[in-house]
Amino acid sequence: MGSVASASKIKERTRKFCQSLSNWETFNDSFTIFIKIDTHLQNEYRIIPEKQRIGKGHVYIARYIAKEIYYFLNATIHLSHKNLLLFAQRCLEYKNQTETLTIFYFAIIFVAEHIEKNPEKFKEIIAMIKTLANKEDWRIREGAIYPIISGLKKAPDLALPILSEWCEDEKENIRRLVAESLRPKAEVKWLRDPKKNDEVLVILSKLRKDSSLYVRKAVGNNIKDLTKYMPEKMLQLMEEWLKDSNIIVHDTLATEAGLSTDQKRMISIMKHGMRWMKNKNPKYHQRLEKILGKYYLLYFDEKKNRLAKPK
């Protein structure tokens, strides 16, 4: 029969919910339909056994409800491309009048689903994503990544130039979104392929001296993830960064003493990005020493992301 919390059960209950309503076309006249969707989202959350809510919480529920409602509106109600996007925009407007975040997750995953089915329309959602990515609530900023992931998955030729351009944006939230969007997630398989991610590394390199610690940490986390899938390529990239920045490697390089501001920013990203390899892949320790110096291997505190002083 399956668990009540399974994706198939959530979608099954959502199909019945969709069929129970007859006023879908009125979504642009009032928020009534979104109030009902919000109630359905909350009811589904309550159905999930409490012990399972950590792994199957609001985002999990919103994902499968959004997919099922998108399918219903597209295949049964036959909403046009324009109206499907308008539906999502109206849902986001409704979100501004309520405290619940689940309806936001529903709306943004609905947009992501639309892009996955219509990747050629990716540019049409850019303004919406950029607005959400700069919101004060960090959870909304994180949610803005979902449609970009769909774009990277289905239309990288459209998504990558936009992300490259956003590297120059004056807002740190937008620049951070770039680094977070490009992390090698399982759903975008080519991001983990060293033969296909050259343009990604070019974009990350544009952020290697970013003035914002918030952005630099995101870049470092991305690099850390990439070292798991392409260690040789990432070590080579670090060597290129050092060469381009005229940095001479020595034992105490990781202390950042005597470096310019830009050089310090870059070295901090490198230390953050190489920490998994330092801790989990001793095969590359000799190479790491030639990149970040002996002190990095001996004294770097990866939990605090700083160079611990030798006693």
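Each value in this text was obtained by applying a stated rule to the coordinates, not by laboratory testing. Owing to the predicted nature of the structure, the values given are computational and were not obtained by experimental measurement. Neighbour counts run over all protein chains shown; Cβ positions are idealised from the backbone, glycine included.
Ranking of 307, 259, 298 by neighbouring Cβ atoms within 10 Å, starting from the fewest: 298, 259, 307. Counting Lys and Arg as +1 and Asp and Glu as -1 over every other residue whose Cβ lies under 12 Å from the Cβ of residue 280, the net charge comes to +4.
The computed mean projected area of the Cα convex hull in nm² for the structure shown corresponds, within (i) 18.8; (ii) 15.5; (iii) 19.7, to (i). Charged neighbours of residue 116, selected by a Cβ distance under 9 Å, balance to +2 (K, R count +1; D, E count -1).
Which order do 106, 72, 34 fall in if you start with the one that has the fewest other Cβ atoms within 10 Å?
Details: 106 28, 72 18, 34 22.
Lowest to highest Cβ neighbour count: 72, 34, 106.
Against the main long axis of the alpha-carbon atoms of the chain, helix 156-166 sits at an angle near 60°. Each label was represented as a point 7 Å from its Cα along the Cα-to-Cβ direction; for residue 245 and residue 52 these points are 4.7 nm apart. Listed by Cβ neighbour count within 10 Å, with the fewest neighbours leading, 172, 12, 232, 44 appear as 232, 12, 172, 44.
Please tell me which of these pairs span more than 19 angstrom C-alpha to C-alpha: 171/264; 95/130; 264/294? Before the final figure, lay out each step's value.
Details: 171/264 21 Å; 95/130 17 Å; 264/294 17 Å.
Violating the 19 Å limit, Cα to Cα: 171/264.
Please give the helix 7-20 orientation as an angle from the longest Cα principal axis of the chain, in degrees from 0 to 90, rounded to the nearest 10. Roughly 40 degrees between the two axes. In summary, the lysines within cross-link reach of residue 11, defined as a Cα separation below 17 angstrom excluding same-chain residues under 8 places away, comprise 36, 56, 67. Site pair residue 285 and residue 96 shows an inter-label distance of 5.7 nm when each label is modelled 7 Å from Cα along Cα→Cβ.
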